[in-house]
Amino acid sequence: MSRTFICQALVLKTAPFGESNREAWFLSSGDGILRATVYGGAKSKLRSHVSPFHWGTLYYYLDPVRDSRRVNDFDVTSWRPGLRELYERAMAAGAVADTILASHGGGGNWEKALSLANASLEALAEAGEGATGRIFTQFLWNWAGFLGLRPDLGENRPGEAPGELLWFDKLEGEFQRGAGSGDRFLPLSPGARRWLRAVQDLDPGRLERVTAEPASLAQARTVVTALMAGILGKELPTWNF
């Protein structure tokens with residue numbers, strides 16, 4: 001049986017391993033999240049290819065006895081240099097990668113997971129000033145939908161006006177009319193609600209055309225971040241950029 005495998009993969013994260021090697025975490029088309037060792041020093045061509053947010057064809061060897069993987073080659077299709085040009089772009093891209101890792105790549109349907117991740121990273125690589133936060137908020141909202149845990153925004157509920165203020169219940173992970181007591185309830189204004197509805201499942205590359213007032217965007221981000229924190233059981237530090 002062959003121990004060498006080929007798949008499409010996105011580099012999510014790298015970290016030092018030993019004196020001169022690195023470990024890399026990938027989101028792959030075949031097996032979801034993969035961890036593999038990249039051998040070679042700082043000047044290694046392979047090490048430069050296996051860098052965060054690069055997308056391409058991964059060739060790796062599986063050692064079934066040690067249950068470990070070694071990167072043999074990585075043919076980069078997309079380098080995304082724009083993500084390194086601005087601090088906010090790099091931070092948002094890192095937050096996207098950490099979210100994917102924390103949710104184990106979505107737990108299935110790897111092609112869909114890769115499509116969502118790549119679309120957001122491509123948009124971030126070209127994002128204008130102030131757009132990175134909107135792209136990241138949309139990613140979290142659509143990732144929650146991919147996980148099957150995105151709550152209904154309230155359309156078509158009997159007796160509910162389209163512009164009515166909704167409240168997000170952090171404990172239950174859903175929207176409701178009227179707030180209860182305590183800080184577990186977050187408001188979602190009509191403007192924030194319209195924006196979330198407009199960007200839901202929208203190509204991130206078209207997101208810059210969908211705007212809203214700063215207060216509505218901030219409120220949408222607060223609610224969506226709380227939603228994802230409830231899904232993962234924690235808020236990731238990299239979300240606060």
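Of the residues screened, residue 139 is not one that is in contact with a helix residue (DSSP H, G or I) (Cβ under 6 Å, 6 or more places away or on another chain), in the same structural domain as residue 106 (by TED's automatic domain parsing) and outside any helix (DSSP H, G or I). The requirement of being at pLDDT 90 or above, within 18 Å of residue 235 (Cα to Cα) and hydroxyl-bearing (Ser, Thr, Tyr) is not satisfied by residue 132. Of the listed requirements (1) farther than 19 Å from residue 198 by Cβ; (2) crowded, with 17+ Cβ neighbours inside 10 Å; (3) of a type in the set (Gly, Ala, Ser), residue 115 misses just one: (2). From the list 193, 150, the one residue that fits, being in contact with a Leu (Cβ under 8 Å, 6 or more places away or on another chain) and in a helix (DSSP H, G or I), is 193. Here 229, 212 are screened, and the one residue that is on the phi < 0 side of the Ramachandran plot, in the same structural domain as residue 98 (by TED's automatic domain parsing) and either at pLDDT 95 or above or under 15 Å from the mean Cα position of the chain (by Cα) (or both) is 229. Based on what the data block shows, is residue 182 under 20 Å from residue 198 (Cβ atoms) and either modelled with pLDDT of 90 or more or in the same structural domain as residue 225 (by TED's automatic domain parsing) (or both)? No, not satisfied. Scanning segment 195-241 for residues that are within 19 Å of residue 123 (Cβ to Cβ) and either crowded, with 17+ Cβ neighbours inside 10 Å or in contact with a helix residue (DSSP H, G or I) (Cβ under 9 Å, 6 or more places away or on another chain) (or both) yields a count of 24. Restricting attention to segment 95-123, the residues being farther than 12 Å from residue 203 by Cα and either of a type in the set (Lys, Arg) or in a helix (DSSP H, G or I) (or both) number 16. For residue 203, the conditions (1) modelled with pLDDT of 95 or more; (2) of a type in the set (D, E, K, R); (3) more than 17 Å from residue 146 (Cα to Cα) all hold with the exception of (3).
Quick grid of which residues meet (1) within 20 Å of the chain's Cα centre (by Cα); (2) assigned to a loop (DSSP other than H, G, I, E, B):
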position: 33; (1), (2): yes, no
position: 36; (1), (2): no, no
position: 46; (1), (2): no, no
position: 53; (1), (2): yes, yes
position: 58; (1), (2): no, no
position: 61; (1), (2): no, no
position: 70; (1), (2): no, no
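Each residue in segment 37-76 was checked for being in contact (Cβ under 8 Å) with a residue 60 or more places away in the chain, surrounded by fewer than 19 Cβ atoms within 10 Å (Cβ to Cβ) and either outside the structural domain of residue 15 (by TED's automatic domain parsing) or under 14 Å from residue 9 (Cβ atoms) (or both), and 1 of them qualify.
The values are calculated or read from the model by the stated rules, or taken from the named source; none is laboratory data. As the structure is a prediction and not an experimental result, all values here were calculated from the model. Note that we place each Cβ from the backbone using ideal geometry, even for glycine, and neighbour counts take in every protein chain shown.
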